[in-house]
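Single-structure report; data block below.
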Amino acid sequence: MAYRCMESFQQSPDRMNLKIISGNANRPLAAKICDYLQIPLGEAFVGRFSDGEIIVEIKENVRGRDVYVIQPTCRPVNENLMELLVIMDALKRASAGCITAVVPYYAYARQDSKIAPRMPIAAKLVADLLSTAGAHRLLTMDLHAGQIQGFFDIPVDHLYAKPVLLEYIKTNFSPDLAIVSPDTGGVERARGFARHLRGTLAIIDKYRDGAAVSAMTLIGNVWGKEAVIIDDLVNTGATLSMAAELLMRHGARAVHACVTHPVLAGDSVRTIKNSLLRTLITTDTIPLSPEAAACDKIKVLSVAPLLGEAIRRIHQRDSVSSLFV
């Protein structure tokens, strides 16, 4: 995926004011973003004391600089979240001009409201922690709940992996598509894909018994079509596996899934392997485990150009709205 204006950015003296710092959560993604921007990754040591405490040392001058910290809060969630907070505190105390937390995957996003008495709203707690640690801005991708943007009193740029996924679907899948939302909450997301791909829309109404899905009902027609399930993340893979069985029973020719964040916890990779899914298309917001990387059903697309272009535009005070499809 290529964007215009990169040549003028390379010739801009303001480029020297931009710094990219990475934690340990996803350094390959940070390196790809730097490759896109054609700038070196900032020098920083992010390690551990013998008792497990996080130690950070910024190895170069960041006084007055525009600094972007690349750190998805993926597994181990609390370790990576704390790394992000300590890095930003170090930058704040080093007099960085503006600190942007680039959090491709925002942890605790599923705890965005109280679903029972005496429960936390952990997504708001994380927002408060990021702001207190020194973030002046948040750049994130495909939040589980869009209203999380309102938990912040700092600017939030919320990107979508949709342009990257759409390009792959158009190139590799049949034009006779049925775009499927795996639950009623994802209908708007699926409808957007269906509109751009000129496909039909189907919805799975699922009933939960506690945390587990106990029943599913298909709303819509997928007979003879290539079905593509659209979701923001895959955790255990159980929902996708059950959805693929339901769609095949209703006459789908093949079933694929496109998700932004490959959380892939527990035995999820085995579940995906044994499911009726033909492919699982995901992105590199979260690095894959060796087991997931070896799974021939899982295809990873990079969102580094999308994030890199957003960083360039924010840094040059350009609009990012044209990045939305």
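Bear in mind that the values in this text are calculations on the coordinates, not laboratory data. Quick caveat, the model's predicted, so the values are computed rather than measured.
Over the chain, what is the percentage of antiparallel beta bridges among all DSSP beta bridges, to the nearest 5?
Just about 25 percent of them are antiparallel.
Taking springs between alpha-carbon atoms closer than 10 angstrom, which of Ala304, Ala101, Ala252 fluctuates most in the Gaussian network model of the chain?
Ala252
Setting aside same-chain residues fewer than 8 positions from Lys170, which aspartates and glutamates have a Cα under 20 Å from its Cα?
Of all the aspartates and glutamates, those that pass the test against Lys170 - Cα under 20 Å, at least 8 places apart if same chain - are Glu188, Glu226, Asp231, Asp232, Asp284.
Need one number: % antiparallel among DSSP beta bridges in region 100-240, to the nearest 5. Could the numbers behind the result be given before it?
Details: 7 of 23 bridges.
Among the beta bridges of region 100-240, antiparallel pairing accounts for roughly 30 percent.
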